[in-house]
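What follows is a short report on a single structure.
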Amino acid sequence: MSGAIDDDTRRAVNSGRQTIGAMLSAAQSHLQKVFIVAVLGLMGTIYALREFGWAILKRDLFSRLAAKHPEAFESTEIVARTPFDVILLQVKIGLAVGILLALPLFLWYSRDGLRQRGLWPGERVARWKIALIVLMSVGLLAVGVSYGYFVFFPVMFDFLAANAYNVGFQPTYSIVKWAEFVFLLTISFGLAAQLPLAMSALAYAGIVPYETFRDKWRHAVVAIFIFGALFSPPEPFTQIMWAIPLIILYAFSLQLTKIVVIAKRSGSEIDVPGVARANWNVLAGVAFVAGVAVYGFFTRGGVGAANRAIASMPFDTSFRVARASQLVGLPDDVAAAILGLVVALFVAGVALLVFLSRALGAADRARSGPAPASAGAPSDISLDTLDAGGVRAAPPEAFADLSEDDAVAKARAAMDEDDHEKAQAILDRYDEVQEQLEAREQAAEADEEDEDDAGTATQTAAGMMNAFTEDETTEEDIGGYYYDIAFILESLTSKAFRLVGLFMAVLAGSFIWLYQGGIRTVKNLFFSKVPADVGGSIEIVTLHPVEALIFQIKFSTLLAIVTTLPLLLYYAWPSLKERGWVRGDPRVMLVWGGSLIVGLIVGSIVGFLFVAPAVISWLAADAIQANMVIAYRINNFGWLVIYTTVGIGLLMEVPVSMALFHVGGIASYHTQRKYWREVVVAIFALAAFISPRGVFTMLLMAIPAALAYLAGLGLLWLITLGGRRGRPQPPEASVE
């Protein structure tokens, strides 16, 4: 077993084990205190949750839902599925809180062991700096958690519960799934708020340069909006509510990182009190204006005006600006004053960062002074101090060590200084030097290849390959499948826009239709085909807050894949045929795609109207006779309906596809009959992989599919007159 672990992994494991040992040894005399803090956190959390925590959580997180959709709020329930759900959940949350509270204390007591391992600063750090970092970390954590708890969660649960209720489902959340959803997202907000400290630490340690954070800010903004589009409700205001705070936080982090990096590179001491005293009037002014503006917004009708403006928008959205009392839980005047104070302190902190950055930059320029006439080695020449003529006259060594990102950053800096000629000169000289370096590398590689052609290593490798092949070593021998797949994917590049466009159109169209009430229409139509004594006793519930939304997305994605697959195969057919993977007429794929859609429609209608209602009635009969409450999860119930509707269409399509492949010359009857065992085994393997838990469901999927394939063979036997028509011709004798 140890041989399967490489040396780097083994060294990393040993280093981690030694670090933990050093930490435990250093904190040995204080472990009792750490344990007491953890136990207090555990017991305090359990007591708080039992006495008032659950009631406060439901009241706060569903406050928006209760105000805007009282019917959905009344139908929303939080249930325990087993007798131990609540107890075990309280213990889990308590353990997590206890560990989070005890971890900083443990790290502090084990600092001597970390210092011995080189993981703790060796020099003495001023206490005010430690206190500032701790206060900033705690403050950012509180801001992130508060934003998620008081702003994001009420809007999110309003959307999720109202959406599930409007489409006809019962929002019956499992206490475990609901609490885990809330807890994990709350922690994620708190950790996301630590971005300023994380970026500063990474840049200070040299792991990620400050210039990377600065130059890639556009990528960060796009990533934030993409993340918000994927994990927030599909409406613009909610996505903006998710993305804008993160963008502001990123800008704040970038400014703080710049100050830390400048201070490190210049060796300057950050005189925060001195800079604050020198600019106290500006800091106080901007803080006062920001605080008064926020206070006036919440107390002078700003909330109502903003909500009226949102309601007048041409699109429908559930987003509304909350009152200060809803955000803080205090009277409006007091809550508005608190929010105004928080915003004032934040604005003053941002302004102080700007002044610190300017002060450090000025001190760094004053310390550097003018560039010396003799720069030493050519590679030491600084392009920042040169003009356009100096850049063009600079030696190649000044550009040889630059990366493309560095060159672009220097050109952008010149553009910011309105020196377009210098920016163009930097890019031109960088490209010129890189071309020279590439030419030299190619020449050196060519010389090495000439020398190694007759080497023993190449001869030995060729001899080893010849031992396994009769012909020469070719592309198909080594990585042939990789080259084939790459060739096929490259052939689809020009058609990617059509494929992605069709996929996204079907996905978006089906999701919007389901989201706007289509799934309720389908549900009502389905239960109209079920006997009244059965349909009236079945409830469709959602145990997880996002279960209904995820089911709609999964179903829309499945429909988009089925629709796009025939067109994808049609476009890929020429390259597939050229690589020897397929044969026959590619137009068969279009006919097959049309038959696939028609078969799915016809089979789904038959399954939806007859098969699925009969299956559901049969499954629920025993429970109804025993006077049980039937509450099916949307995930399980929905996929059961899909299997018994779309599955019927797919089963009907199997014989049709086999006949089309035979007529089109893609796969003859004899070929399909020859490999029937392999196909059946593949069907069972695929069913075991994609079916829900249990052997019964696997057999329920695999046996009908295998029977459909055998029925297709029977149909082809009739078409080919027992295999006599369409028999493969013997190969013609080759003429020498």
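Some points to look at:
- Heavy-atom SASA rank of Tyr204, Tyr147 (probe 1.4 Å, accessible area, largest first): Tyr204, Tyr147
- Only protein heavy atoms count here; under a 1.4 Å probe, Trp573 has an accessible surface of about 10 Å².
- Simple label model, 7 Å out from Cα along Cβ direction - Ile605 to Arg323, nm: 5.5 nm
- Ser188/Leu345 FRET efficiency (R0 22 Å; Cβ-Cβ; nearest 0.05): 0.35
- With DNA, RNA and ligands ignored, accessible area of Lys577 (1.4 Å probe; Å², nearest 10): 100 Å²
- Proximal charge balance of Gly168 [Cβ under 9 Å; K/R count +1, D/E count -1]: +2
- In plain terms, the chain from Met504 to Ser15 could stretch by 171.2 nm, reckoned as 0.36 nm per residue minus the Cα-Cα distance.
- Contour minus Cα-Cα distance for Gln516 and Ala413 (0.36 nm per residue): 32.2 nm
- Solvent exposure, largest accessible area first (probe 1.4 Å, DNA, RNA and ligands not counted), of Arg300, Arg64, Arg673, Arg50: Arg300, Arg50, Arg673, Arg64
- Distance between the pseudo-spin-label points of Ala293 and Lys495 (7 Å out from Cα toward the beta carbon): 5.4 nm.
- For the pair Leu525 and Ile247 in one chain, pulling the backbone fully straight at 0.36 nm per residue adds 95.5 nm over the alpha carbon distance.
- When all protein chains stay in place and ligands, DNA and RNA are ignored, the 1.4 Å accessible-area order of Met652, Met156, largest first, is Met652, Met156.
- Heavy atoms of Leu609 accessible to a 1.4 Å probe, total area in Å² rounded to 10: 60 Å²
- Cβ-derived FRET efficiency at R0 60 Å, Asp215 paired with Ile36, nearest 0.05: 0.80
- Calculated FRET efficiency for the pair Gln442/Gln255, C-beta based, R₀ 41 Å, to 0.05: 0.40
- For Lys92, the lysines whose Cα falls under 22 Å of its own Cα, not counting residues fewer than eight places away in the same chain, are Lys33, Lys58, Lys177.
- Label point 7 Å beyond Cα of Leu565 along Cβ direction - residues of the range 630-660 with amide nitrogen under 20 Å: 639-660
- Computed from label points 7 Å out along Cα-Cβ, the spacing between His670 and Phe84 is 6.3 nm.
The values are calculated or read from the model by the stated rules, or taken from the named source; none is laboratory data. This structure is a prediction, so every number in the text was calculated from the model and none was measured. A quick note on method: Cβ atoms are made from the backbone with ideal geometry, for glycine too, and the neighbour counts reach across all protein chains shown. Side chains included, ligands, DNA and RNA excluded: accessible areas come from the protein's heavy atoms. Shrake-Rupley method; radii C 1.70, N 1.55, O 1.52, S 1.80 Å.
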